[in-house]
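K.L.:
Have a look at this one before I ask anything.
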Amino acid sequence: MERHYRNSTHRLLTETHRRLATHQDPAVPPLHALLAQLVVELYDRDLLGNRPPSLGGIVSEAASCLLNLATPQRVTRPFDEDLSERLNELDRLPLPERLRLLQAATRHTAPIPTSQRLPARRRPTGLCPCPCNSGGFCGGCGHAGCGGRR
């Protein structure tokens, strides 16, 4: 998942989990409707970043993440045609099971800390100081003709 989708999807799934966890009405709203409603609310409150990706794309990413965690034997892509139908199958789950699934999806889409995203860099080194770097012979030090770095 791309980073800008990852951050927005994480925020949407976190808000969905929070909303369902505090839901008081016995009739639990369908996941697809709740995701669509909350992504608009997050966008209106400017909580999706400066230049958020498409709102439909964020909902599709969240839905595919939930479906991939619920049914790992079948890979679901964000733009599969049967995405909303398959998401409706998750509406049959009891509320505690849906909350566990949302919690797992939230952990799965958590933003990667910057320090873990960048590979470690080698410290800069200079050229080998032996005369063999300039095409000469250094007298058998083992670097004859290496021309490389130390």
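K.L.:
Return the loop-located GluC sites (Glu not before Pro) in segment 1-107 (DSSP other than H, G, I, E, B) with at most 14 other Cβ atoms within 10 Å of their own Cβ; answer none if there are none.
P.N.:
Qualifying residues, ordered by number: E2, E81.
K.L.:
Still on this structure: Hey, got a sec? Which trypsin sites (Lys or Arg not before Pro) in segment 1-99 land in a DSSP loop and have at most 12 other Cβ atoms within 10 Å?
P.N.:
R45, R74, R92
K.L.:
Can you grab the distance from the C-alpha centre of segment 82-99 to the C-alpha centre of segment 1-52, Å, no decimals?
P.N.:
When both Cα centres are located, 16 Å separates them.
K.L.:
Let me ask another. Roughly how many nanometres apart are two label points built 7 Å out from the Cα toward the Cβ at R18 and R77?
P.N.:
Result: 3.3 nm between the two label points.
K.L.:
Could you compute the FRET efficiency for A104 and D46, with r as their C-beta to C-beta distance and R0 at 41 Å, rounded to 0.05?
P.N.:
Plugging the Cβ-Cβ distance into 1/(1 + (r/R0)^6) gives 0.90.
No value in this document is a laboratory result; all are computed from the given coordinates. Everything numeric here is computed off the predicted structure, so don't read it as measured data. Quick reminder, even Gly has a Cβ in these numbers, built from the backbone with ideal geometry, and neighbours come from all protein chains shown.
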